[in-house]
Amino acid sequence: MIFYELKYYLYYLIVVVMVLISVAFLTLFERKILSYIQVRKGPNKVGFMGIAQPFSDAIKLFTKEQTFPILSNFSLYYLSPVFSLGISLIMWAVFPLVYNLLTFNLGLIFIFCLSSLSVYGVMMAGWSSNSNYSLLGSLRSIAQTISYEVSLVFLVLSFIIFTQSYNLLSFSEFQSNIWLGLILFPVSILLLSTFLAETNRTPFDLAEGESELVSGFNVEYSSGGFAMIFLAEYSSILFMSFFSSMLFLGGDFYTLVFFIKVIFISFVWIWVRGTLPRIRYDMLMNLTWTGFLPISLSYFLLNFNLVLLFYILKY
């Protein structure tokens, strides 16, 4: 019994290590794509074609001097990056990889709960730094994340109506003949946009508005603390890419094609960053409450009635 439990702890440790390595190379991938979008060379000196650049960046980040503001709340200041990274890594346990660590019937609810908790990491980081810029950045991020989570739930419910299950494996079974992204194409585009807002990425990266907030909620962090916040953000991006492929791009997680789709969605994340400018904060909040929320509610009701009509005609 003890050996059986240790086996799953080992599986989860392998998943975490693989995710962290993937995050390292995702940063290299992003820097390369952004450099080609801006017609310049990306990292190409450290190792063959810059392959070793992420590892040199990691060594540099973790060996820099660790500073903390004198008037900061010391314990929360150090706890919040660890909390953010922990939440983003725990979500991977429920994803149906080869090991199926925590694949259960309420997997989607588990993911929603954990993604909601990530707000507290940003809130603690901004408040405990005792900096006006950090606090403003965290308040922006909290308002943005909570606002977009409302429409996110309704958009995902549109997919759940078709599968009749909260288990991620059911999405793979349902899409064996046709992708949900083809049936619900507008909903899929809205969902990708909402994921961009949830992960604080361009054009919704108002939590890190350099022009008005210096660097946002993480401005007082250096060395390991900044690296953990950075890892948490990119781990969430990678997870959302996996999640998107699972929800509406076939969900065939046991094939090589699935990982090609994940790379493509990650590329879209970076492509958007290199193409679109940051929008104003009032436009950001207006978009979710007067745009995304009514549309997501309308699609939810439409899909619910369509599925209900199908079952009435069937039985």
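The values are calculated or read from the model by the stated rules, or taken from the named source; none is laboratory data. Just so it is clear, the model here is predicted, and its values are computed rather than measured. Cβ coordinates were reconstructed from backbone atoms using ideal geometry, including for glycine residues, and neighbour counts include every protein chain displayed.
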Of everything in region 238-290 that's without any contact (Cβ under 8 Å) to a residue 60 or more places away in the chain and closer than 22 Å to L139 by Cα, which residue is surrounded by the most Cβ atoms within 10 Å (Cβ to Cβ)?
-> L287
Would you mind telling me which numbered condition in (1) crowded, with 17+ Cβ neighbours inside 10 Å; (2) in a helix (DSSP H, G or I) L20 fails?
-> (1)
Report yes if some residue within region 93-105 is within 25 Å of F300 (Cα to Cα), surrounded by fewer than 19 Cβ atoms within 10 Å (Cβ to Cβ), out of contact with any Cys (no Cβ under 6 Å at 6 or more places or on another chain) and modelled with pLDDT under 85; otherwise report no.
-> yes
Residue match in region 144-162 (condition: within 16 Å of W289 (Cα to Cα), acidic (D, E) and in contact (Cβ under 8 Å) with a residue 24 or more places away in the chain) = yes
Mind telling me which of the residues F68, F62 ends up being touching a residue at least 24 places away in the same chain (Cβ under 8 Å), more than 20 Å from F29 (Cα to Cα), among the hydrophobic types (A, V, I, L, M, F, W, C) and not in a helix (DSSP H, G or I)?
-> F68
Within region 202-293, helices (runs of 4 or more DSSP H) holding 2 or more residues that are of a type in the set (A, V, I, L, M) | 223-248, 256-275, 281-287
Residue tally, condition closer than 25 Å to F242 by Cα and touching a residue at least 12 places away in the same chain (Cβ under 8 Å), over region 26-56 | 14
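Inspect region 59-72 for any residue being of a type in the set (F, W, Y), under 22 Å from the mean Cα position of the chain (by Cα) and either surrounded by 15 or more Cβ atoms within 10 Å (Cβ to Cβ) or on the phi > 0 side of the Ramachandran plot (or both) and give the result as yes or no.
For region 59-72, residues of a type in the set (F, W, Y), under 22 Å from the mean Cα position of the chain (by Cα) and either surrounded by 15 or more Cβ atoms within 10 Å (Cβ to Cβ) or on the phi > 0 side of the Ramachandran plot (or both): absent.
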Could you pull out the residue among T202, T194 that is within 21 Å of F112 (Cα to Cα) and touching a residue at least 24 places away in the same chain (Cβ under 8 Å)?
-> T194
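Taking region 31-59 on its own, how many of its residues are of a type in the set (A, V, I, L, M) and outside any loop (DSSP other than H, G, I, E, B)? Don't jump to the end; show me each part of the working.
If we filter region 31-59 for residues that are of a type in the set (A, V, I, L, M), which is where we start, we get 33-34, 37, 39, 46, 49, 51-52, 58-59.
Going one step further and asking which of them are outside any loop (DSSP other than H, G, I, E, B), we end up with 33-34, 37, 49, 58-59.
Of the residues in that region, 6 qualify.
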Do we have any residue at all in region 219-237 that's hydrophobic (A, V, I, L, M, F, W, C), touching a residue at least 40 places away in the same chain (Cβ under 8 Å) and closer than 30 Å to S176 by Cβ?
-> yes
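Matching residues to (1) within 17 Å of M228 (Cα to Cα); (2) modelled with pLDDT of 85 or more; (3) of a type in the set (F, W, Y):
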position: S35; (1), (2), (3): no, yes, no
position: Q38; (1), (2), (3): no, yes, no
position: K45; (1), (2), (3): no, no, no
position: G50; (1), (2), (3): no, no, no
position: L61; (1), (2), (3): yes, no, no
position: Q66; (1), (2), (3): yes, no, no
position: Y77; (1), (2), (3): yes, no, yes
Kindly indicate whether any position in region 171-178 is buried (at least 17 other Cβ atoms within 10 Å of the Cβ), small (G, A, S), assigned to a helix (DSSP H, G or I) and in contact (Cβ under 8 Å) with a residue 12 or more places away in the chain.
-> yes
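Here's the yes/no breakdown for (1) in a helix (DSSP H, G or I); (2) within 30 Å of L76 (Cβ to Cβ); (3) modelled with pLDDT under 80; (4) not polar (S, T, N, Q):
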position	(1), (2), (3), (4)
Y148	yes, yes, no, yes
S158	yes, no, no, no
S165	no, no, no, no
L182	yes, no, no, yes
P186	yes, no, no, yes
Name the residue, out of L114, L89, that is touching a residue at least 40 places away in the same chain (Cβ under 8 Å), of a type in the set (A, V, I, L, M) and within 27 Å of Y9 (Cβ to Cβ).
-> L89
